[in-house]
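Student: The structure follows.
The values are calculated or read from the model by the stated rules, or taken from the named source; none is laboratory data. Source: prediction; values computed, not measured. Counting neighbours? That spans all protein chains shown, and the Cβs are built from the backbone with ideal geometry, glycine included.
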Amino acid sequence: MGKGANLVVLLIIPFLLINSASAILFLWNGTNSTVPENFTCVSCYYTDPFYEMYPRINTTRINESFYDLADFPYLHSHTARINMTYSSANVTASFGSVNGFNRASSGHIHTSATLSPAINNIKIVPYTKSLLVIYARDNITYLPVGVIAFFNSTVAPENFSLFTDNDGSLIMGNLTKTTFGNFTHSHMNINITTSNPNALANGEIGLKASVSLTTHKHSLYNQNFTLESHIPAFVNMPLIIVVNYTYIPKGVIAMFDSNSFPSGWVNATSGLQNRFIWANSTSFNTTGGNFTHTHPSVYGVTTTSSLNDNLLFCGPFCGNWPSSGHTHIATVGLSNASNLPPYRNVAIAVFNGTPIIPPVIEYNRTVVFDWPSWYVKEQREKQRMTSIYLFIGYTIFLSVGFLMIWRQYRRKKLYN
């Protein structure tokens, strides 16, 4: 597809990533190589469903994706909207003979305008801090250290802490943690040209001098449409990060690729349809942003008429004509444009079930938690490395001690 093409594509692709009824989606602050066991990154490759995609809450069209093949995407367009006064200066024809040349009416206005350069397919990017999107390959009940979720309070639960790195930005999936984009944008140095007049009259050739033709136009040069926000509609969500391996507590919020949730998870999308997620550790479930934006109108006096002619004579129905020097006072605004970035629809749910704490097994009154095998393996590896470091440390300590004792012994022998 050529770069000049402006093809918007809506993709509805099943999220066929796991065998369970619904994929539980979390966030990760590291790299693909550090994603925990039993989790898979779904934003790390170009073909992944969340690669450079913003999760958008929408349960009626789950898994729908939007992007623009021309510039992937962030493109928006405006057209001009114009209001203006009637002609500012007219001349009166008084004597002559009929000669049916077309002239503009003295009561004319111009009802539309064009912009140069056109505000068409302009790229704007909302302020964004991306993270990896990961999904659990099993119906997990425990979370390893470093996994990031949303929470229904600004106070983190036990074994979690608030993750504030992404505060004040939209959440987007990517292969690395990246910050980019802006809160606002403007359109500067725009030239505005009106359409032909809306009211015409069959003119007479008369004695008065220069009048405006039916094809005349006016301009406003170097107009500036000032700053306006392009942040899309969002909901504030605190992010929390696991600091100690833990079960999933009540209040944790996760994204899902389906409206079918595992046991204990409750749909939390009410009132949040079509909203994106804004990281905010100080606010939960408040909303902001807008679905569209426009800019404050510009206001000014136009240039004089662009096409004029001279009246030489006038017939019995002479009257007022717009002079060649007439102008208009014009107010020019812009049409609404979408704030929509590239997205993939998700459902969100809050865990409201009974936390699944690892079962306890007793061996001779010794309490043992039946942790998952991958966690046991991880802890054994840590213990092995700790043992190696302790052995090396003790060896160095004993060696240094032996050398010091040997030196003392040698000194005593020399002086005796």
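Student: Do any strands (runs of 3 or more DSSP E) lying entirely in the range 228-331 carry at least 3 residues that are hydrophobic (A, V, I, L, M, F, W, C) and at pLDDT 90 or above, and which ones are they?
Tutor: Fully inside the range 228-331 and qualifying: 234-237, 239-242, 252-256, 275-279.
Student: Spot the failing condition for residue 224; the list is (1) outside any loop (DSSP other than H, G, I, E, B); (2) crowded, with 22+ Cβ neighbours inside 10 Å; (3) not β-branched (Val, Ile, Thr), and only one is missed.
Tutor: Against the list (1) outside any loop (DSSP other than H, G, I, E, B); (2) crowded, with 22+ Cβ neighbours inside 10 Å; (3) not β-branched (Val, Ile, Thr), residue 224 comes up short only on (2).
Student: Looking only at the range 354-368, decide whether some residue is at pLDDT 85 or above and buried (at least 18 other Cβ atoms within 10 Å of the Cβ).
Tutor: Within the range 354-368 (the criterion being at pLDDT 85 or above and buried (at least 18 other Cβ atoms within 10 Å of the Cβ)), the answer is no, since none of the residues qualifies.
Student: How many of the residues making up the range 1-59 are within 21 Å of the chain's Cα centre (by Cα), modelled with pLDDT of 50 or more and not in a loop (DSSP other than H, G, I, E, B)?
Tutor: 9
Student: Follow-up question, since we're still on this one. Residues in the range 33-54 that are farther than 17 Å from residue 148 by Cβ and touching an Asp or Glu at 6+ places or on another chain (Cβ under 6 Å): how many?
Tutor: Qualifying residue count for the region: 0.
Student: Tell me which of these residue 336 doesn't satisfy, since it passes every other one: (1) modelled with pLDDT of 65 or more; (2) not assigned by TED's automatic domain parsing to the domain that holds residue 126.
Tutor: Exception for residue 336: condition (2).
Student: So, in the range 180-221, of the ones that are buried (at least 18 other Cβ atoms within 10 Å of the Cβ) and either of a type in the set (A, V, I, L, M) or not assigned by TED's automatic domain parsing to the domain that holds residue 334 (or both), which residue ends up modelled with the lowest pLDDT?
Tutor: 205
To keep it simple, each residue is scored yes or no on (1) within 26 Å of the chain's Cα centre (by Cα); (2) over 30 Å from residue 106 (Cα atoms); (3) in contact (Cβ under 8 Å) with a residue 40 or more places away in the chain.
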position: 127; (1), (2), (3): yes, yes, yes
position: 130; (1), (2), (3): yes, yes, yes
position: 140; (1), (2), (3): no, yes, yes
position: 165; (1), (2), (3): yes, yes, yes
position: 173; (1), (2), (3): yes, yes, yes
position: 177; (1), (2), (3): yes, yes, yes
position: 183; (1), (2), (3): yes, yes, yes
position: 192; (1), (2), (3): no, no, yes
position: 198; (1), (2), (3): no, no, yes
